[in-house]
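Just below is one structure, and these are the notes that go with it.
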C-alpha cells in the first residue's frame, strides 16, 4: 500500500504538467517527500460474508438464502454433516485452571472418571491433578476430557460443552468441544447486536455452520 500511495501522490504532482518529464533529481526529491504511510485495520478477516453488507441487504428485506447466495455464489445450502466442533481456547507451557460453580468430572485417556468436587482443576503439561489437598498431585494419562456438571465450565469465561486438555510438544492446549448448534448460539449472540434484522442473524448462523472453527467464540 505504501508504494501505491507514493505513486498516486507522484502522479498528482506531475500529471497536470504538459512540459517535458522532470529531471531525475526532481523525481527523487518529490517521491521522497510525498511518501505516505497508512496503518490500521478493520474487523474480521475479509473473506466470506461481510457483516455490514449483509446487514444492509437484510435491512432491505432480502432473505437469508439470497444473502448467502450473493456472498457464496455457486454453492448450495444443505444439512451439515458436522455434529460437533473443536475450538482452540489456549496454548501454553504453563498451567491452566478450569472452574465451575458446581462440581464436575474429568475423564482420562483410559476412561477412568475422576470427581472434581471443589469445582476447580489446575494442571499443566504434566497433566498432574491434585484431587486431595493432603496428597501430592496425580499424573493422569492424557488427553483429559473435563465434563461439566450442573453448571458450565469456565476457562477465563464460561463455555458450553466440555473442555479437552491435550499435550502437544511441551505445551498444554485447551480445546472446547461442543455441538455445532451450541457453537452457533455462542458466536451469533457474541457477533450480532440484538436489534439487527432477523434475516441477517439467520444468514450469519448458516455461514458459521460452514466455516472452519478456530479461536474462541463458543461461549
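The values are calculated or read from the model by the stated rules, or taken from the named source; none is laboratory data. This is a predicted model, so every value here is computed, not measured. Counting neighbours? That spans all protein chains shown, and the Cβs are built from the backbone with ideal geometry, glycine included.
Would you confirm whether or not region 141-163 contains a residue that is more than 27 Å from the chain's Cα centre (by Cα) and farther than 30 Å from residue 200 by Cα?
So far as region 141-163 goes, yes, one or more of its residues are more than 27 Å from the chain's Cα centre (by Cα) and farther than 30 Å from residue 200 by Cα.
Looking at region 186-200, is at least one residue modelled with pLDDT of 75 or more, in the same structural domain as residue 102 (by TED's automatic domain parsing), under 30 Å from residue 48 (Cβ atoms) and crowded, with 16+ Cβ neighbours inside 10 Å? For region 186-200, residues modelled with pLDDT of 75 or more, in the same structural domain as residue 102 (by TED's automatic domain parsing), under 30 Å from residue 48 (Cβ atoms) and crowded, with 16+ Cβ neighbours inside 10 Å: absent. On the basis of being modelled with pLDDT under 95 and in a loop (DSSP other than H, G, I, E, B), does residue 136 make the cut? It is true that residue 136 is modelled with pLDDT under 95 and in a loop (DSSP other than H, G, I, E, B). Under the condition of being exposed (fewer than 14 other Cβ atoms within 10 Å of the Cβ) and part of a strand (DSSP E or B), the residues counted in region 139-159 number 1. Restricting attention to region 168-177, does a residue exist that is surrounded by fewer than 19 Cβ atoms within 10 Å (Cβ to Cβ), touching a residue at least 12 places away in the same chain (Cβ under 8 Å), in contact with a helix residue (DSSP H, G or I) (Cβ under 7 Å, 6 or more places away or on another chain) and at negative phi? No: region 168-177 contains no residue that is surrounded by fewer than 19 Cβ atoms within 10 Å (Cβ to Cβ), touching a residue at least 12 places away in the same chain (Cβ under 8 Å), in contact with a helix residue (DSSP H, G or I) (Cβ under 7 Å, 6 or more places away or on another chain) and at negative phi.
Here residue 161 does not qualify as farther than 18 Å from residue 90 by Cα and at pLDDT 85 or above.
Taking the criterion of being within 24 Å of the chain's Cα centre (by Cα), without any contact (Cβ under 8 Å) to a residue 60 or more places away in the chain and either surrounded by 12 or more Cβ atoms within 10 Å (Cβ to Cβ) or not assigned by TED's automatic domain parsing to the domain that holds residue 143 (or both), would at least one residue in region 99-108 satisfy it?
Scanning region 99-108, I find at least one residue that is within 24 Å of the chain's Cα centre (by Cα), without any contact (Cβ under 8 Å) to a residue 60 or more places away in the chain and either surrounded by 12 or more Cβ atoms within 10 Å (Cβ to Cβ) or not assigned by TED's automatic domain parsing to the domain that holds residue 143 (or both), so the answer is yes.
Filtered by the rule that a residue be surrounded by 13 or more Cβ atoms within 10 Å (Cβ to Cβ), modelled with pLDDT of 95 or more and in a loop (DSSP other than H, G, I, E, B), region 109-128 gives 109, 124, 125, 126, 127. On the basis of being surrounded by fewer than 13 Cβ atoms within 10 Å (Cβ to Cβ), modelled with pLDDT under 90 and over 26 Å from residue 186 (Cα atoms), does residue 73 make the cut? The answer is yes for residue 73. Listed conditions (1) without any contact (Cβ under 8 Å) to a residue 40 or more places away in the chain; (2) touching a strand residue (DSSP E or B) at 6+ places or on another chain (Cβ under 6 Å) are all met by residue 123, apart from (1).
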